[in-house]
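Undergrad: First the structure, which I've put down as structure tokens, then a few questions once you've had a look.
FYI, it's all coordinate maths here, none of it is from the lab. In this text, all values refer to a predicted model and were calculated from it rather than measured experimentally. All Cβ positions, even for glycine, are placed from backbone atoms using ideal geometry, and neighbour counts span all protein chains on display.
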Amino acid sequence: MKVRPGTSADVPRALAIWRAAVDATHGFLSAEHRQEIDGIVSGFLPEAPLWIVDDADLPVGFLVMDGDMIDALFVDPAVHGRGFGSALIAHALTLAPAALVDANEQASNALPFYEARGFVRIGRSELDSDGRPYPIVHLRYAGPARA
């Protein structure tokens, strides 16, 4: 599994991955907030430094980093559990060995995913970064997870 730099040609597929992943894992979002966030992501992705993971030459996941912060990591739900998210995390850690990430507390898959890969909770915010009522858990990479 290889992670590669994204290109402008990858943006429509990355947006489709984001939409499918959010629809599968973020059922807690109100319809209004889901639409609002979609607009933000649609404007953000074309300018974002994308990293893409492919499955048979089809992008199935993407990563966006801002310094040590994992700004976005999403995988097509059709391939969840097949290691694509782990490959993106491994790549993120080559870019930022002390990576940070914020995860929606209500997304039942997010915290177990990051914690299983060595991230630990370092804080919590009652609201998301835009003031919406979706608690965020702040995490930092602390080294390989121990079984």
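Undergrad: Which one of these does L100 not meet: (1) under 16 Å from Y141 (Cβ atoms); (2) touching a helix residue (DSSP H, G or I) at 6+ places or on another chain (Cβ under 6 Å)?
TA: With (1) under 16 Å from Y141 (Cβ atoms); (2) touching a helix residue (DSSP H, G or I) at 6+ places or on another chain (Cβ under 6 Å) applied to L100, the lone miss is (2).
Undergrad: A follow-up question, please. Give the number of residues within region 107-147 that are out of contact with any Pro (no Cβ under 9 Å at 6 or more places or on another chain) and either among the acidic types (D, E) or within 20 Å of E32 (Cβ to Cβ) (or both).
TA: 10
Undergrad: Specify which of the listed residues (G143, G123, G131) is more than 30 Å from S30 (Cβ to Cβ), surrounded by fewer than 18 Cβ atoms within 10 Å (Cβ to Cβ) and of a type outside the set (S, T, N, Q).
TA: Being more than 30 Å from S30 (Cβ to Cβ), surrounded by fewer than 18 Cβ atoms within 10 Å (Cβ to Cβ) and of a type outside the set (S, T, N, Q) holds for just one of G143, G123, G131, which is G143.
Undergrad: Look through L111, L88, L93, L73 and report the one residue that is assigned to a helix (DSSP H, G or I), closer than 18 Å to D128 by Cα and in contact with a strand residue (DSSP E or B) (Cβ under 7 Å, 6 or more places away or on another chain).
TA: L111
Undergrad: Across region 76-85, which residue is nearest to P112 (Cα to Cα) among those that are touching a helix residue (DSSP H, G or I) at 6+ places or on another chain (Cβ under 8 Å) and part of a helix (DSSP H, G or I)?
TA: Only one residue fits best here, namely G85.
Undergrad: Another question, if that's okay. Does region 52-59 contain at least one residue that is over 16 Å from V22 (Cβ atoms), free of Cβ contacts under 8 Å to residues at least 60 places away in the same chain and touching an Asp or Glu at 6+ places or on another chain (Cβ under 8 Å)?
TA: yes
Undergrad: Out of the residues in region 55-70 that are out of contact with any strand residue (DSSP E or B) (no Cβ under 9 Å at 6 or more places or on another chain) and not in a loop (DSSP other than H, G, I, E, B), state the one that is farthest from L100 (Cα to Cα).
TA: Among them, the one singled out is L58.
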